[in-house]
1. Among the numbered criteria (1) surrounded by fewer than 18 Cβ atoms within 10 Å (Cβ to Cβ); (2) closer than 15 Å to ASP53 by Cα, which one does CYS93 miss?
2. Please return the ranges of strands (runs of 3 or more DSSP E) entirely within the stretch 54-134 where 1 or more residues are acidic (Asp, Glu) and in contact with a Pro (Cβ under 7 Å, 6 or more places away or on another chain).
3. When you check GLU84 against the structure, is it under 13 Å from the mean Cα position of the chain (by Cα) and open to solvent by less than 50 Å² (accessible area, probe 1.4 Å), yes or no?
4. Tell me which of these PRO52 doesn't satisfy, since it passes every other one: (1) open to solvent by less than 30 Å² (accessible area, probe 1.4 Å); (2) modelled with pLDDT under 90.
5. Look at the stretch 55-85 and say how many of its residues are in contact (Cβ under 8 Å) with a residue 40 or more places away in the chain and either out of contact with any Leu (no Cβ under 6 Å at 6 or more places or on another chain) or at positive phi (or both).
6. In the stretch 27-53, which residue that is assigned to a loop (DSSP other than H, G, I, E, B) and free of Cβ contacts under 8 Å to residues at least 24 places away in the same chain is farthest from SER133 (Cα to Cα)?
7. Please verify whether the stretch 63-79 includes one or more residues that are open to solvent by less than 80 Å² (accessible area, probe 1.4 Å) and under 24 Å from VAL17 (Cβ atoms).
8. With respect to THR69, determine if the residue is β-branched (Val, Ile, Thr), over 17 Å from LEU121 (Cβ atoms) and at pLDDT 90 or above.
Amino acid sequence: MDAVVSDFLNGAAEELVRRNQHHDILLIEGQGSIVNPMFSSVTLGLLHGCMPDALILCYQPDRTMFRHTDISIPALDRLAQLYEDIASINHPCSVIGVGMNSSSLDDAQALEERNRVQTLLGIPVVDVIRDGSA
């Protein structure tokens, strides 16, 4: 998507989905964040163009600011709700899981954070650093 002119991003994403709609599952990797001022347009284009049924929210627990900015990253529950609201404008969509990058945490901290987020959001949390993505 980085090479697509922004006016055509949504349509390019839709075309890729349509071209592969014969599959049972399409996993589309997101780029950036819907609230990152440098990359939100790509994320929005992907959401509108792909019209996902479900989302996996990915995050790094110790990252509190967007890189190269002085802008704070919102709380996960707020982000999950925002993604669901935006993605559901044209097609129902839910955040169904969380991918956690715990590379900066020790084992005890990672487990505590995983449990905290699972309780907060009520959905599965996978620590992709310690447990892999399967």
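1. Of the numbered conditions (1) surrounded by fewer than 18 Cβ atoms within 10 Å (Cβ to Cβ); (2) closer than 15 Å to ASP53 by Cα, the odd one out for CYS93 is (1).
2. none
3. yes
4. Every condition holds for PRO52 apart from (2).
5. Here the count works out to 12.
6. PHE39
7. yes
8. The answer is no for THR69.
The values are calculated or read from the model by the stated rules, or taken from the named source; none is laboratory data. Just so it is clear, the structure is predicted and the values come from calculations on it, not from any experiment. Counting neighbours? That spans all protein chains shown, and the Cβs are built from the backbone with ideal geometry, glycine included. Each accessible area value is taken on the protein alone, full model and side chains, heavy atoms only, with ligands, DNA and RNA left out. Shrake-Rupley method; radii C 1.70, N 1.55, O 1.52, S 1.80 Å.
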